[in-house]
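Have a look at the structure below before the remarks.
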Amino acid sequence: MCKSVADSIDHGIGMFAAEASISVEDETPIFDPADYPEDMHALILECNRRIEEANTKYRVAKYREDMFAKGMKAGMYFCTFDRDENLLTFEFNDETRQMLGYDGLDDLPNAFDSWVKTLVPEERDAIVKLFWDSVRIHRELPDITHATYRMQKKDGSIIWVTGAGRFIRRPDDGSLEIYMGCYRDITAQQELEAYLKIIEAIGRVFNFSMFIDVNDMSYRMISTNPYVEMVPKDPDALQFLRNNVAASVAESFQKNLYAWLDKDKILAALEEHGTTSMEFYSSSAGRWFDGIFMIGDRNEDGSIAHIVYGCQDTTEAKLQSLAQQRKISEFETEIYIDSLSGIRNRKFLDDKLVYEPCEAVVMADIDLFKTINDTVGHQGGDEAIRKVAEVLNRSVRKRDVVLRYGGDEFMMVFFDISKSALEKKLSDLKTELGNVRIDGSPEVRITMSFGGAYGTGLVHQLIKTADQALYESKKTRDTYTLIDMET
């Protein structure tokens, strides 16, 4: 059962330990009523009551002295119990109130509920349960127990305390007479330990890292590597980083890195985003890296006191990403590229394009395509589709899209183009298509009809208008019709 109490404080509250206590043996002995005549028994019992009261005060004084000797001087609580181990009184000393930011007895009364109020809300039930579990099984516990947990000050701030609690049991029946304890604020110690753990973790993550004082840009190295060790040292952290850039970073990255290593820009980025980073390639190491600035800690006024710089090797992740991109590219080639024309297909439109904002959509198809098939056969028709696709594809910029809509019909999507530029492009395409010939059948002339919808909108919103324009062009063939949706 003792183990279950200790375990309960291990689950997210704090740490629990125990130790043996001093032994108080020089108390005044009480009288045995059997040694006295019966008519004196009432007097003897009253004497025993007063002796027991004096012994209690003596033991409390000795226990307080012992606990203070252990260095637990910051604060104390003190509670008494009747012989049925019901709580009678609970009190704090002034040091406890001061530690928790309260001003006197009226501000933090001597009551068990006052102690409960000082516990962190989300941990309160577990710690109160631990208190009562400890009281319930105190005979199975050592005289002194230790616990480390959090308390909430009057202003709402949280502190870590370590406490020693002492069970004082009645000599005759072993019942709990007094439960007293001392507190010491160890917040600074806890924060230091947490900070050291963070620094240790940074050293494991980054193969080169620094802890930088914002005030004068002095620094302490957390972790380093052979390439950094060869670089000329400088007392200013940013200048030292610039020396590293000059000594080891590929020339194409240097300009951007020099611009990035600016104190004011770094601090502004940290205030807004919490971190700022830049990728670069190290010529000396032959590896890719991410340089990252993070907030180390802040001053009392909230300004940044220290920043951390870390250099993380991203080569393996980058190679893995490139491999994944190749796989995606291969997958997209398989499902989104039309096998006959070599350009994107209708599935790409449906999956990737229909809800993209654009400037213009153009629908086009080959005039009298059935006649071409009848004249030169299906292989000649396939050749016509391939050559038309090639002409259309090289006429657009990299961001724009040409796809085979189906059969001999094509679609062109433009993301940034003026109306006059679009009209010129369609006119030039008419001319260029006039030069396309089917191998072995120079007499077959290929023309196309174009229908365009011009105006900012989602691709699927412009398709219907482009279809209407194409229908108009098909009436005469070898021409284009452009409908301006913004007029």
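The values are calculated or read from the model by the stated rules, or taken from the named source; none is laboratory data. Being a predicted model, the structure only gives us computed values, none of them experimental. As a convention, Cβ positions derive from the backbone with ideal geometry for all residues, glycine included, and neighbour counts pool all protein chains shown.
Just to verify a result, which residue in segment 22-40, among those that are surrounded by fewer than 14 Cβ atoms within 10 Å (Cβ to Cβ) and part of a helix (DSSP H, G or I), is modelled with the lowest pLDDT?
It comes out as MET40.
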Cβ contacts < 6 Å: first residue within 16 Å of ILE178 (Cα to Cα), restricted to segment 123-150; second residue among the small types (Gly, Ala, Ser) and assigned to a strand (DSSP E or B), any location; separation 6+ or different chain. Result? PRO142/ALA18; ILE144/ALA164; THR145/ALA18; THR145/GLY165
Quick one: which of ALA268, ALA317, ALA305 is more than 18 Å from PHE206 (Cα to Cα), in a helix (DSSP H, G or I) and among the small types (Gly, Ala, Ser)? ALA268
Can you confirm whether LEU257 is in contact with a Gly (Cβ under 8 Å, 6 or more places away or on another chain), modelled with pLDDT of 90 or more and not small (Gly, Ala, Ser)? yes
Would you check which residues across segment 212-251 are within 21 Å of ILE266 (Cα to Cα), part of a loop (DSSP other than H, G, I, E, B) and either of a type in the set (Gly, Ala, Ser) or under 29 Å from the mean Cα position of the chain (by Cα) (or both) and list them? VAL214, ASN215, MET217, SER218
Any hit, segment 378-393, residues being surrounded by 13 or more Cβ atoms within 10 Å (Cβ to Cβ), of a type in the set (Val, Ile, Thr), out of contact with any His (no Cβ under 7 Å at 6 or more places or on another chain) and within 18 Å of ILE463 (Cα to Cα): no
All-but-one check, MET278 against (1) outside any strand (DSSP E or B); (2) under 24 Å from LYS233 (Cβ atoms), failing number (1)
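Conditions tested, residue by residue: (1) surrounded by fewer than 16 Cβ atoms within 10 Å (Cβ to Cβ); (2) in contact with a Ser or Thr (Cβ under 8 Å, 6 or more places away or on another chain).
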residue: ALA250; (1), (2): yes, yes
residue: LYS255; (1), (2): yes, no
residue: LEU261; (1), (2): no, no
residue: LEU270; (1), (2): no, yes
residue: ALA285; (1), (2): no, yes
residue: ASP290; (1), (2): no, yes
residue: CYS311; (1), (2): no, yes
Evaluate the following for ASP382: is it assigned to a helix (DSSP H, G or I), free of Cβ contacts under 8 Å to residues at least 24 places away in the same chain and in the same structural domain as ILE446 (by TED's automatic domain parsing)? no
Checking LEU322 against (1) surrounded by 14 or more Cβ atoms within 10 Å (Cβ to Cβ); (2) of a type in the set (A, V, I, L, M); (3) modelled with pLDDT under 90, the condition it does not meet: (1)
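Might you check whether a residue that is touching a residue at least 40 places away in the same chain (Cβ under 8 Å), touching a Lys or Arg at 6+ places or on another chain (Cβ under 8 Å) and either not in a helix (DSSP H, G or I) or not assigned by TED's automatic domain parsing to the domain that holds LEU392 (or both) occurs anywhere in segment 454-464?
As a first pass, look at segment 454-464 and keep what is touching a residue at least 40 places away in the same chain (Cβ under 8 Å): 454-460, 462-463.
Still in the running and touching a Lys or Arg at 6+ places or on another chain (Cβ under 8 Å): 454.
With the extra rule that they be either not in a helix (DSSP H, G or I) or not assigned by TED's automatic domain parsing to the domain that holds LEU392 (or both), the set shrinks to 454.
Among the residues of segment 454-464, at least one is touching a residue at least 40 places away in the same chain (Cβ under 8 Å), touching a Lys or Arg at 6+ places or on another chain (Cβ under 8 Å) and either not in a helix (DSSP H, G or I) or not assigned by TED's automatic domain parsing to the domain that holds LEU392 (or both), which makes the answer yes.
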Which of the strands (runs of 3 or more DSSP E) contained wholly in segment 139-187 include at least 2 residues that are surrounded by fewer than 17 Cβ atoms within 10 Å (Cβ to Cβ) and among the small types (Gly, Ala, Ser)? none
Looking at segment 419-441, can you tell me whether even one residue there is assigned to a strand (DSSP E or B) and touching a residue at least 12 places away in the same chain (Cβ under 8 Å)? yes
